[in-house]
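Reviewing the structure listed below.
The values are calculated or read from the model by the stated rules, or taken from the named source; none is laboratory data. No experiment lies behind these values; they were computed from the predicted model shown. Because the Cβ atoms are built from the backbone with ideal geometry, glycine has one as well, and the counts that use them run over all protein chains shown.
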Amino acid sequence: MDQTHNEIEKIFSPKDIETKWYTRWEEGKYFKARKGKQHRPFSIVMPLPNVTGRLHVGHALDATTQDAIIRFKRMKGYETLWLPGTDHAGIATQAVVEKLVWEKEKKTRHQFTKEEFVEKIWQWKREYGNIILDQQKSLGASADWDYAMFTLDPDANKAVREFFVNMYNEKLIYQANYIINWDTTLQSAISDAEVEHKEVKGNFYHILYQVEGSDEKLEIATTRPETLLGDTAVAINPNDDRYKHLIGKKAIIPICNRVVPILADEYVDIDKGTGCLKVTPGHDFNDFELGKRHNLEIVNILNKDGTLNENGLQYKGLTCSKARLEIIKELEHLEILKEIKEHIHQVGHGERSGTVIEPMVSRQWFLNVQKMAKQGIERVTADTTRFFPKGWENTYFAWLKEPRDWCISRQLWWGHQIPVYYCKKCHYTWASKDEPSGCTKCDSSNFYQDPDVLDTWFSSGLWPLTLLGWPNPERMRERKFDTFYPTSTLITGYDIIFFWVARMMMMCDKAIGNVPFNHVYIHAIVRDKFGRKMSKSLGNGIDPLEIVGQYGADALRFTLTAGSGYNRNLNLDPERISGYRNFMNKVWNAFRFVHPFLNTAEQKLPTSNKLAPHERWIISELNSVIKIVNDSMEEYRYDDASAAIYSFVYDKFCSWFIELSKNILYSEDQKARAQRATVLKFTFKKIVAILHPFAPFITEELWSYLKSPQEDLLIVADFPEFTEELVFADDQNNMNRFIEIVSLIRNLRASVDIKPKDLVNVEIFTEIVEVKNYLQNNLANLQDLAKIKSMAIKNRSDIRPKKSIMAATSFCEIFIPLEGFVDIAAQVQRLQKDLQKAQKEFDKYNGKLSNENFIKNAPEDVVAEVKHNASEFAQKIAVIRENIQRFN
RNA sequence: GGGCGUUUAGCUCAGCUGGGAGAGCGCUACCCUUACAAGGUAGAUGUCGGGGGUUCGAUCCCCUCAACGCCCACCA
């Protein structure tokens, strides 16, 4: 036997088997969708990692939760497809390559032509662009990598053009001079969603504006005095008695001496600031709207890099912040700066660049999302697409309720170029799904394409369609669009509900009239053990690849699934990973024990009447775990599923069933041995099967020992299902009593410091025949598990042993006679404690029963249960009392 | 400014439509018992954030206060 044990390493070492099995799966095409017994598809679109990305623990959670459900469904017999891809991530990627080129060649992108520089990015992409996908493989991700696409692939461009041109022709995409968020570092427009508001300490500057043809001065409060150079009006509330009389008059802007109207608008808040507002339509969102209402002139004072232009007069060329200082000086000099008050306010910053966003008016492309947003809300309200947990609907709705048109153009080089063309000859403008050869109108070849590119989210918003071949009919057939669209589940973090989930819902639905996914599971965001975001500056990041090297992919995966339910944060403590690494080792060693006996095991389980009680018990317990795992997975409760498996393996299988099997396996009874081996094998096969979605590597390895030669790899084995016929309530009941007795004996031993090697005699008093028989049949097991020498089973009418320790259950009394000195006082004290506990419980139930309103109002079954509990504790109390007396 | 969420054992978190609180890790004591010391056995710990209400009964429902967190919002 020992030799056989030694064939398998004592300590599970994940490294060797991880590569082995991943290669087998990949080469065996196991990640490909194949028809199964369900005759139903299951598909997931992988949230796009940026090509520049490196695997962090957030990706690991993403990949693990997706892979677990994919493996689960695959085993359940769904035609299962996981669609990977990478995102060109316009700004991020361009920035990475710009930095690299600067480091290498000391050149900026402006020293290249656009074509040259874009080619450099492509070179970079070809070399490094697949790193992140490869990294996911080390976690066991079972995606169909042949399906992988890049958002800038020519086929992705087809989808982008298709959607763009259709929207353009429907007039939902339009070009307009509008105030947008201008990022002066990127020198591009960015969308509202990409602006991050940060609290900034600033000042309120109270400036006096002269009213034309009067001595009166208007006191205006502003946080941005430099923008006064762009002021084209002063506004007050029409109901503000302080200023009413000035409506229609004019004010003179200091420094530039522009004469502007004083107008009335309800928007102005009487109580805010001085109640008097300078209006800068060129550089403020509200002022822009106000300006539109009143037909105000727009004065732009900024260059693309954020410095002042010629409208900045003598401050031309200065940055905003420098100009602000200079202008403050000048206002002081003019003695019209009345006061400066400290003021904390929210200022928009570029999400990528971190620089202060300048609202600026410029000509940009917009997508009108009003109707799409409405539809997006309806789809979720109608449960066509369901969120798990449901609460995240709110976040989704919040975004779609009051949508502003989406600024989709970016002044970058890296991205899908806007497919709009301008004829230089006849000045015709048109949008085209293909590369045109000439002007649609006059056929001139003298035309050019709009130089702007589209927001990255424009292409990722169409991603489910793109991956499945839309809009090319042939490609759609190849990629089985009709089978896999709509995809089953989208799994992602809540941070991109706006950016991505909402946009896919709007765009895909608009494009083909059907939602992109039926379920959305929103998982937690991974934080460090203190709940802090993981970041480079804090140095609290956990590198998943390092963890995989240290503890194995299975341990990491199990930690992540055990922590993934409906929670919004997952605080990851490396100690927990090591805890689950221990669990993997436990499974491994349980197998090491079982392994040598497997050769005598049958493939099929005997009929239930032939099974031993313990065998029926473990099968019944196994059956309930299988149910929990199946049910939990349907609701994305990875935590419940993981916990159920964990406790079954530890608390049922290893602690009891393996221990109880030793006597049989080491006995001479060939038949019993073979049968026990069969049950162990049966159970173990189910264990590795239900564990496989969470810990694919170790389970596939163990499966290779357990499977019959005809059976395929575990990755495509049948997932265990709950079976009504395998519920054995009586056996569970008896076993629970047995466990209680063993635990109490151990407990008694510990209370008087009896060492494990010192065997004791036990006397058990009960009237219940079932209990008597069960104990009789388990004498050997009791000897092993409770370390006893002999056991006497007696009636309650029999005499209790004198010097002894005892404990009571509701169905029996357990006595351990002690030789030599017994500390009576200590025994009585212990029993008193037991008594108190039981009394407390009894009082609780009895209190209820003596409340007639409870009897009257509570449901029958609850009352019955309380009655039952009360009588059980009453019995226990009586027995303990009796024994305390006996000791005295 | 608006909205959402959280508050349960030392730590991280479960707790389904109300029947009286659980897990993992950690901690303490004792054990190298022939699968596993990455192990075994036993054990301790909670006024379920505070206050009020509904109910026979509240961790769960309602109100209120407090602390913390997140998201959204146009820089008067």
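Just one residue in the set A:F31, A:F42 is within 29 Å of the chain's Cα centre (by Cα), in a strand (DSSP E or B) and of a type in the set (F, W, Y); that residue is A:F42. Taking the criterion of being of a type in the set (K, R) and either closer than 24 Å to A:P359 by Cα or in contact with a Cys (Cβ under 7 Å, 6 or more places away or on another chain) (or both), the only residue of the range A:202-243 that qualifies is A:R224.
Could you go through the range A:236-246 and let me know if any residue there is more than 55 Å from the chain's Cα centre (by Cα), among the charged types (D, E, K, R) and more than 16 Å from RNA strand B (Cβ to nearest atom). No, every residue in the range A:236-246 fails to be more than 55 Å from the chain's Cα centre (by Cα), among the charged types (D, E, K, R) and more than 16 Å from RNA strand B (Cβ to nearest atom).
Of the strands (runs of 3 or more DSSP E) lying entirely inside the range A:511-610, those containing at least 3 residues that are more than 13 Å from RNA strand B (Cβ to nearest atom), in contact with a Phe, Trp or Tyr (Cβ under 8 Å, 6 or more places away or on another chain) and in contact (Cβ under 8 Å) with a residue 12 or more places away in the chain are A:517-523. When each of A:E358, A:E435 is tested for being more than 16 Å from A:V160 (Cα to Cα) and of a type in the set (D, E, K, R), the lone residue that passes is A:E358. Can you tell me which residues in the range A:301-354 are β-branched (V, I, T) and over 30 Å from A:E194 (Cα atoms)? Passing the criteria: A:I327, A:I328, A:I336, A:I340.
Results for (1) without any contact (Cβ under 8 Å) to a residue 24 or more places away in the chain; (2) within 42 Å of the chain's Cα centre (by Cα), shown as yes or no for each residue.
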position	(1), (2)
A:I328	no, no
A:V361	no, yes
A:K390	yes, yes
A:N394	yes, yes
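Residues of the range A:661-696 that are crowded, with 24+ Cβ neighbours inside 10 Å and farther than 24 Å from A:S620 by Cα: A:P696 alone. Only residues that are surrounded by 15 or more Cβ atoms within 10 Å (Cβ to Cβ), more than 10 Å from RNA strand B (Cβ to nearest atom), of a type outside the set (G, A, S) and under 46 Å from the mean Cα position of the chain (by Cα) were counted across the range A:261-297, and they come to 1. In the range A:268-280, the residues that are over 20 Å from A:I252 (Cβ atoms) form Cβ pairs under 6 Å with partners that are more than 7 Å from RNA strand B (Cβ to nearest atom), at six or more places apart or across chains, as follows: A:I270/A:N237; A:I270/A:D240. Between A:K35, A:K20, the distinction of being under 23 Å from A:M633 (Cα atoms) and at pLDDT 85 or above belongs to A:K35 only.
Scanning the range A:67-117 for residues that are among the β-branched types (V, I, T) and in a helix (DSSP H, G or I) yields a count of 7. Filtered by the rule that a residue be within 11 Å of RNA strand B (Cβ to nearest atom) and in a loop (DSSP other than H, G, I, E, B), the range A:183-196 gives A:T184, A:S191.
Quick one: is A:M46 surrounded by 21 or more Cβ atoms within 10 Å (Cβ to Cβ), farther than 17 Å from A:Y521 by Cβ and of a type outside the set (G, A, S)? The answer is no for A:M46.
Determine whether the range A:850-866 contains at least one residue that is in contact (Cβ under 8 Å) with a residue 24 or more places away in the chain and within 16 Å of RNA strand B (Cβ to nearest atom). No; the residues of the range A:850-866 include none that is in contact (Cβ under 8 Å) with a residue 24 or more places away in the chain and within 16 Å of RNA strand B (Cβ to nearest atom). On the given criteria, is A:A838 small (G, A, S) and either touching a Ser or Thr at 6+ places or on another chain (Cβ under 6 Å) or free of Cβ contacts under 8 Å to residues at least 40 places away in the same chain (or both)? No: the conditions fail for A:A838. For the range A:745-766: of the residues being modelled with pLDDT under 90 and assigned to a helix (DSSP H, G or I), which is nearest to the chain's Cα centre (by Cα)? So, considering only residues that are modelled with pLDDT under 90 and assigned to a helix (DSSP H, G or I), the one nearest to the chain's Cα centre (by Cα) is A:N747. The condition (being touching a His at 6+ places or on another chain (Cβ under 9 Å), in a helix (DSSP H, G or I) and either at pLDDT below 95 or of a type in the set (F, W, Y) (or both)) is satisfied by just one residue among A:F657, A:F697: A:F657. Of all positions in the range A:873-887, at least one carries a residue that is touching a residue at least 40 places away in the same chain (Cβ under 8 Å), over 27 Å from A:D753 (Cα atoms) and crowded, with 16+ Cβ neighbours inside 10 Å.
Between A:A838, A:A780, A:A826, A:A807, the distinction of being touching a Leu at 6+ places or on another chain (Cβ under 6 Å) and of a type in the set (G, A, S) belongs to A:A807 only. Pull up the range A:197-235, narrow it to residues that are among the polar types (S, T, N, Q) and not in a strand (DSSP E or B), then point me to the one that is farthest from RNA strand B (Cβ to nearest atom). Across the range A:197-235, the extreme among qualifying residues is A:S214. Output the residues belonging to the range A:472-513 that are more than 25 Å from A:A193 (Cα to Cα) and among the polar types (S, T, N, Q). Residues satisfying the conditions are A:N472, A:T483, A:T487, A:S488. Across the range A:728-752, the number of residues qualifying as more than 7 Å from RNA strand B (Cβ to nearest atom) and without any contact (Cβ under 8 Å) to a residue 24 or more places away in the chain comes to 3. When the helices (runs of 4 or more DSSP H) confined to the range A:301-404 are screened for residues that are over 29 Å from A:N257 (Cα atoms), those reaching at least 2 such residues are found at A:370-381, A:392-401.
Taking the conditions exactly as written (of a type in the set (D, E, K, R) and either away from RNA strand B (no atom under 16 Å from the Cβ) or farther than 21 Å from A:F558 by Cβ (or both)), does A:E7 satisfy them or not? Criteria met by A:E7. If A:E711 satisfies every condition in (1) within 21 Å of A:L779 (Cα to Cα); (2) away from RNA strand B (no atom under 13 Å from the Cβ); (3) free of Cβ contacts under 8 Å to residues at least 60 places away in the same chain but one, which is the exception? For A:E711, the exception is condition (1). Being surrounded by 13 or more Cβ atoms within 10 Å (Cβ to Cβ) and not in a strand (DSSP E or B) is the filter here, so list the residues in the range A:778-795 that pass it. Selection gives A:N778, A:L779, A:A780, A:N781, A:L782, A:Q783, A:D784, A:L785, A:A786, A:K787. Taken over the range A:95-146, the criterion of being among the hydroxyl-bearing types (S, T, Y) and farther than 30 Å from A:R74 by Cα is satisfied by A:T108, A:T113, A:Y128.
Residues in the range A:421-459 that are under 17 Å from A:N169 (Cβ atoms) and among the basic types (K, R): A:K433, A:K441.
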